[in-house]
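Notes follow once the structure below has been shown.
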Amino acid sequence: DAKTTQPNSMESNEEEPVHLPCNHSTISGTDYIHWYRQLPSQGPEYVIHGLTSNVNNRMASLAIAEDRKSSTLILHRATLRDAAVYYCILSAYNQGGKLIFGQGTELSVKP
Amino acid sequence: EADIYQTPRYLVIGTGKKITLECSQTMGHDKMYWYQQDPGMELHLIHYSYGVNSTEKGDLSSESTVSRIRTEHFPLTLESARPSHTSQYLCASSLTGGSSYEQYFGPGTRLTVT
């Protein structure tokens, strides 16, 4: 399975944008880039996913590098409720939906 | 909001007991998964199912077993609980089709074996 590399932790101020980086230099052509987050004492929740083009949804934006070897999850205005561990995961379309979670980035948001 | 349920939420049990962790979803999802997560650590896939009567072992070896007799139900069983089984167990489901394979997670069962 292709690996991802994320910083262990990041800090943000409330109401400011947050850019969470992810490196995936061994990504293959069939790998989708998924982002999940896990709030304290809860199960993970889906945030966003993409293949080649940048993606936006109500929660966040996903910026994917042209060579697809890295991506950035963008939270446009961080709130205290966004404090969580954010996971960047690669999953091939033909792997039947299996996700391999790494360590993720622990995001703290200061008021 | 995800319609996936896990019971019990918390369980403290003695060594040697047989336990079953329940997981049910009402979304009609064909795929279901079990993950194990120790405090502060990453999630590890221990079992998954692509549909009724289909079960596979995940990437982390586990002494637990699973069954999938009904689409909506995916219980996990430990025949003889040991302290090393103390962990959080998370159930998830997803639907075949599309590109996202978005997984919906339950709230988890926190198991403590004394």
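Observations
- Some residue of segment B:44-53 being over 22 Å from residue A:38 (Cβ atoms), more than 14 Å from chain A (Cβ to nearest Cβ), part of a strand (DSSP E or B) and without any contact (Cβ under 8 Å) to a residue 40 or more places away in the chain: no
- Qualifying position, being closer than 13 Å to residue B:111 by Cα, away from chain A (no Cβ under 14 Å) and within 13 Å of the chain's Cα centre (by Cα), among B:22, B:72: B:22
- Scanning segment A:61-111 for residues that are in contact with a strand residue (DSSP E or B) (Cβ under 6 Å, 6 or more places away or on another chain), at negative phi and either at pLDDT below 95 or of a type in the set (Phe, Trp, Tyr) (or both) yields a total of 8.
- Taking every residue in segment A:27-44 that is within 13 Å of residue A:70 (Cα to Cα) and pairing it with any residue that is not in a strand (DSSP E or B), at least 6 positions away or on another chain, the pairs with Cβ-Cβ distances below 6 Å are A:27/A:2; A:27/A:68; A:31/A:2; A:32/A:51.
- Evaluated against (1) more than 23 Å from residue A:109 (Cα to Cα); (2) hydroxyl-bearing (Ser, Thr, Tyr); (3) surrounded by fewer than 13 Cβ atoms within 10 Å (Cβ to Cβ), residue A:70 falls short on exactly one condition, (3).
- Members of segment A:32-67 found to be crowded, with 21+ Cβ neighbours inside 10 Å and closer than 18 Å to residue B:41 by Cβ, listed by number: A:36, A:37, A:38, A:43, A:44
- Evaluation of residue B:76 against the conditions (1) under 25 Å from residue A:46 (Cα atoms); (2) surrounded by fewer than 16 Cβ atoms within 10 Å (Cβ to Cβ); (3) in contact (Cβ under 8 Å) with a residue 40 or more places away in the chain shows that the sole unmet condition is (2).
Condition check ((1) β-branched (Val, Ile, Thr); (2) over 14 Å from the mean Cα position of the chain (by Cα); (3) in a loop (DSSP other than H, G, I, E, B)) across all residues:
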residue	(1), (2), (3)
B:5	no, no, no
B:17	no, yes, yes
B:29	no, yes, yes
B:34	no, no, no
B:40	no, yes, yes
B:63	no, no, yes
B:88	no, no, no
B:93	no, no, no
B:97	no, yes, yes
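- Residues located in segment B:54-69, provided they are within 14 Å of chain A (Cβ to nearest Cβ) and not polar (S, T, N, Q): B:56, B:57, B:58, B:59, B:60
- So residue A:20, is it away from chain B (no Cβ under 11 Å) and over 28 Å from residue B:9 (Cα atoms): yes
- Subset of segment A:69-88 that is closer than 23 Å to residue B:94 by Cβ and more than 10 Å from chain B (Cβ to nearest Cβ) - its residue that is farthest from the chain's Cα centre (by Cα): A:84
- Qualifying residues in segment A:89-111 (those that are within 14 Å of chain B (Cβ to nearest Cβ) and aliphatic (A, V, I, L, M)) - the one farthest from the chain's Cα centre (by Cα): A:92
- Filtered residues of segment B:25-39 (kept if among the charged types (D, E, K, R) and at the interface with chain A (Cβ under 10 Å from one of its Cβ atoms)): B:30, B:31
- Among the residues of segment B:43-64, the one identified as charged (D, E, K, R) and closer than 17 Å to residue B:86 by Cβ is B:63.
The values are calculated or read from the model by the stated rules, or taken from the named source; none is laboratory data. None of the values given here were measured: they were computed from a predicted structure. Because the Cβ atoms are built from the backbone with ideal geometry, glycine has one as well, and the counts that use them run over all protein chains shown.
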